[in-house]
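Please read the structure below before turning to the comments.
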């Protein structure tokens, strides 16, 4: 009789385990995000479950830093498991104060890594640049002011063997920026384009308008960024931008060099 009952006992145990997992707290997600970001992105006051939760998003200087800034509103997430049988997890992020539409993505865990692929059309968000101060150096020194607009198109991330490969495109536009390091306001508006090509991603910085002219190109090789650029003052603005330019890099003629 005992031998006939063990399949039922196993089924009951598995059912209990799944029930506990399905109702695991949202704090699980907060812990995972903090670890993956090195403590720079925190989910504060997380509520709900790991599958359907919400939290405040805080940008932090990290475990050893003191700076932090909370982004407006609450981020809510949904983790769909209906295609788990095919090795796919569906993600949906909703953040009304920053983005009108939710961000949808497909996560495919695999041995030694994972793939994350944006779903649907372009996704756009906007937030005040002052929030970047929460990340610490150099943002807390620059004290940026203005609005940052972000656009994602067919973005994909692949983590494998310690490499993070990018596909698709990311555009960030910083509009009407100013800084406490200069009395001139606004300094200008700028655009950063990232074009992912799998093993590498090209990065381009350009100036849309303004007295501080920034330009540069870089490459993300899966593990680190290599970037080389310049900063210079528009004609007639050299004196008002002299202090700021001196902090950005070494001077070479009428411009300074910016490098990573």
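The values are calculated or read from the model by the stated rules, or taken from the named source; none is laboratory data. Please read all numbers here as calculations on a predicted model, not as lab measurements. Here the Cβ is made from the backbone with ideal geometry for all residues, glycine too, and neighbour counts use every protein chain on show.
The sole residue among 109, 144 that is modelled with pLDDT under 95, over 19 Å from residue 197 (Cα atoms) and surrounded by 19 or more Cβ atoms within 10 Å (Cβ to Cβ) is 144. So which residues in region 28-43 are surrounded by fewer than 15 Cβ atoms within 10 Å (Cβ to Cβ) and either under 26 Å from residue 100 (Cβ atoms) or in contact with a helix residue (DSSP H, G or I) (Cβ under 7 Å, 6 or more places away or on another chain) (or both)? Of everything in region 28-43, just one residue is surrounded by fewer than 15 Cβ atoms within 10 Å (Cβ to Cβ) and either under 26 Å from residue 100 (Cβ atoms) or in contact with a helix residue (DSSP H, G or I) (Cβ under 7 Å, 6 or more places away or on another chain) (or both), namely 37.
Rundown of residues vs (1) more than 29 Å from residue 132 (Cα to Cα); (2) modelled with pLDDT of 55 or more; (3) part of a strand (DSSP E or B), yes/no style:
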site	(1), (2), (3)
18	yes, no, no
34	no, yes, no
44	no, yes, yes
58	no, yes, yes
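No other residue among 217, 176, 165 is closer than 24 Å to residue 98 by Cα and assigned to a strand (DSSP E or B) apart from 176. In this structure, is residue 98 modelled with pLDDT under 90 and either farther than 30 Å from residue 243 by Cβ or surrounded by 14 or more Cβ atoms within 10 Å (Cβ to Cβ) (or both)? The answer is no for residue 98. Taken as a whole, the condition of being part of a strand (DSSP E or B), surrounded by 17 or more Cβ atoms within 10 Å (Cβ to Cβ), in contact with a strand residue (DSSP E or B) (Cβ under 6 Å, 6 or more places away or on another chain) and free of Cβ contacts under 8 Å to residues at least 40 places away in the same chain applies to residue 54. Within region 115-132, the residues that satisfy the criterion of being in a strand (DSSP E or B) and closer than 16 Å to residue 168 by Cβ are 115, 116, 117, 118, 119, 123, 124, 125. Do the conditions hold for residue 162, that is, is it crowded, with 19+ Cβ neighbours inside 10 Å, touching a residue at least 40 places away in the same chain (Cβ under 8 Å) and at positive phi? The answer is no for residue 162.
Of the residues making up region 67-97, those that are in a loop (DSSP other than H, G, I, E, B) and free of Cβ contacts under 8 Å to residues at least 24 places away in the same chain are 74, 82, 83, 87, 88, 96.
One residue stands out in region 201-246 among those that are touching a residue at least 60 places away in the same chain (Cβ under 8 Å) and exposed (fewer than 14 other Cβ atoms within 10 Å of the Cβ): the one that is farthest from residue 161 (Cα to Cα), namely 243.
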